[in-house]
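The values are calculated or read from the model by the stated rules, or taken from the named source; none is laboratory data. Please read all numbers here as calculations on a predicted model, not as lab measurements. So basically every Cβ, Gly included, is an ideal-geometry build from the backbone, and we count neighbours across all protein chains shown. Accessible surface areas use protein heavy atoms only, side chains included; no ligands, DNA or RNA. Shrake-Rupley method; radii C 1.70, N 1.55, O 1.52, S 1.80 Å.
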Amino acid sequence: MNTAFPFRFMTRLARSGPVTAGMCICSLVLWSSTALADVDDEEMAAIRSQIRSLEAKFAAMEKRRSSRAHASTPSEAATTPRTLRGSYPLHPHAGSTGIPVTEEPAASDIRIGSASADAPFFRYLGPDAAAQGAPHGSSVDLSSSSPLAITQTSVDRLPPVFSIGNISVRIGGFLELSNIWRDSNMTSGPATAWNNFPYANSPNHGLSEERLSAQLSRFSTLLEANPTSSVRLQAYVESDFGGSGGSTNSVQINGYVPRLRQGYFTFTQKAWGFHLLMGQAWSLTTGYAKGVLPRNEQLPAVTDNNQIPGITFTRVPQIRIGKDWGQKYWLALSIEDPQATVSSATASGGTLPATGDETVGPRVYYENAGGVLLNPDTQYTDNPVPDIVLKGAVDTSVGHYEVFGLARWFRSVVETPGSTHTHQVTRFGGGVGGGMTVPLATPKLQLTGNVLAGEGIGRYGPSLLPDTTFNSRGELAPVPEMHGALGLIGHPDSSVLLYLYGGVETAGRRRYTAADGSQVGYGITDQNLGGCDVEFGTCNAQTRTLASLTAGGWWHFLDGQYGSVMGGVQYTYIRKFAFRGNDGMGNSVYPTTSGNTVYVTFRYLPFQ
């Protein structure tokens, strides 16, 4: 800028008049402001350029440091592409087996050790980082016979959202709305108590029930760390809103509360083929689509939260150890939380009917109301030891097959007639079962099946037939039972899944004759059941068999960067058969009843 110009300008200004001087001063001020604004703009542009340059240098430094960290600590995930367990392809349509498999969870980008010592405690991975580990296309895969996006939350297929220290975090779940219709009123939410369909004596028989429910909306979190290339640590939590509190109602505000579905951690040593699970998860008796690892369960793709009659399952706390050989042969042992269902007209602490020449029967104790942190409105049976399950499985080119054994123990406290003290009696029960999942000539059609037979296994079926009743000595007597199911799953299109399931559960007799000549126990045949078909009649029928047929399908009709939307329709027909009785006039009667349910469901999966 020329410094002589302002001096000459001020000299001339002094010689001029006051008006002229004022006008000139205003012009000078305006000119100076414009010049200074131009200088500010130039300086701001220069600062912005420097900031962008520093950002580029910082990003380059971060990239070099990350490269050095990965080079100093080689990881299995960095040196090899993501693969499946065993030799199966990622998508059943791509291989010859058609066996539904779940992708091996990807190793976390953050690892424990010197390489991750400089990692921030909390790190948001962001969309770009998440995309590096994301599978191609949608994570909603309906090609399996038990798609995780339907039966659980498919969180394994999702990329990590953020990391906490050395632990990567994946988030999954869905929001659901179901319209539920039943042709008999059971006052039930989105889970049907199959054994409770009323006989014709009840005014609820033939009284249709209509409900809308969002209780099955589900959320899950999977945390993962990989201390070494062979060791994986995972923690999984899954919950929905299937619980209820003292103030829960459906009048104005549906205050249904969250509940724990699953909550467990796992330790895997891949080099040894060793697997450990501790926490609440699906029972090892549940069928599996591949191996015996969690989140690979062969669950039917149905909407009803109580599955369908014939399926084997519980979801309970457990400790499980497993071993695989080449991820083809599997062996696992599980110790699981026990409970029992007891069929008896005698409450705990009551006296059973007498036998023989006795005038009074034994007094029995077998359950108590829930105490601290248990439900005080629920009775809990006395169990001496956990249930034990041992399962072996094999994955072949023609399907997945498994067999297992189940051991259970039932305990009662008995005061025999004339005695002044009680004694404990423990009885053994259990059974054997198996399952399979096989493709039928094409990966687009799959057949699944399971069966369990034994004594005292009612707890493991959705209909909850009784595990035990009492014998004449006051001992718990396991009831002989069997249940099984077959399913046919089709995939006419990559976004469509169709299913057809049939299931059956049946129980045998455990009874004795009392001193008055009447039968006591389960499966008795001397009851007057003539009122079962008469409105307001008396009906104490005991269930012998439940059979069901279920058909339905899912359509994944919307998919994008903001999630996916699926719709499902399901119909179930159930038939219930009771043990034989009489009509009071010496004629045999066989009470039966039936029920129909229809579900229409929509799910929004924001993470998929």
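Over all Cα atoms in the stretch 476-554, the spread is summed up by Rg and Dmax: 19.7, 65 Å. In the distance distribution for the stretch 410-453, Cα-Cα pairs more than 12 Å apart total 74 percent.
When you filter the trypsin sites (Lys or Arg not before Pro) in the stretch 319-394 for DSSP loop state and at most 16 other Cβ atoms inside 10 Å of their Cβ, you are left with Lys328. What's the long-distance tail for the stretch 145-250, i.e. % of Cα pairs beyond 24 Å? Percent of Cα pairs beyond 24 Å in the stretch 145-250: 47. Using the 1.4 Å probe convention, the accessible area of the stretch 291-379 works out to 44 Å² per residue with neighbouring protein chains retained. Of the cross-linked pairs Lys391/Lys444; Lys290/Lys576; Lys290/Lys391; Lys323/Lys444, those separated by over 22 Å at the C-alpha level are Lys391/Lys444; Lys290/Lys576; Lys323/Lys444. Remark on the stretch 324-483: Rg and Dmax equal 20.3, 69 Å (Cα only). Evaluating 6.51 cos²θ - 1.76 cosθ + 1.60 at θ = phi - 60° for every residue in the stretch 51-59, the Karplus couplings come out as 4, 4, 5, 5, 4, 5, 5, 5, 4 Hz, glycine and proline recorded as x.
Within the accessible surface of the stretch 266-353, defined with a 1.4 Å probe on protein heavy atoms only, the carbon and sulfur portion equals 65 percent. Heavy-atom surface analysis with a 1.4 Å probe gives the stretch 376-416 a carbon and sulfur content of 63 percent of its accessible area. On a per residue basis, the stretch 413-521 carries 40 Å² of accessible surface, using protein heavy atoms and a 1.4 Å probe.
For the stretch 485-564, the list of chymotrypsin sites (Phe, Trp or Tyr not before Pro) that fall in a loop by DSSP and count at most 10 other C-beta atoms within 10 angstrom reads Phe536, Tyr562.
For Arg315, the residues whose modelled amide H falls within less than 5 Å of its own, excluding neighbours fewer than 5 places apart on the same chain, are Ser283. Using every Cα-Cα pair within the stretch 237-289, state what percent have a distance larger than 18 Å. Of all Cα-Cα distances in the stretch 237-289, 55 percent exceed 18 Å.
Out of the total accessible area of the stretch 509-590 (probe 1.4 Å, heavy atoms of protein only), what percent is carbon and sulfur?
Here it works out to 51 percent.
According to the Cα-based calculation, Rg over Rh for the stretch 256-400 is 1.10, with Rh computed by the Kirkwood formula.
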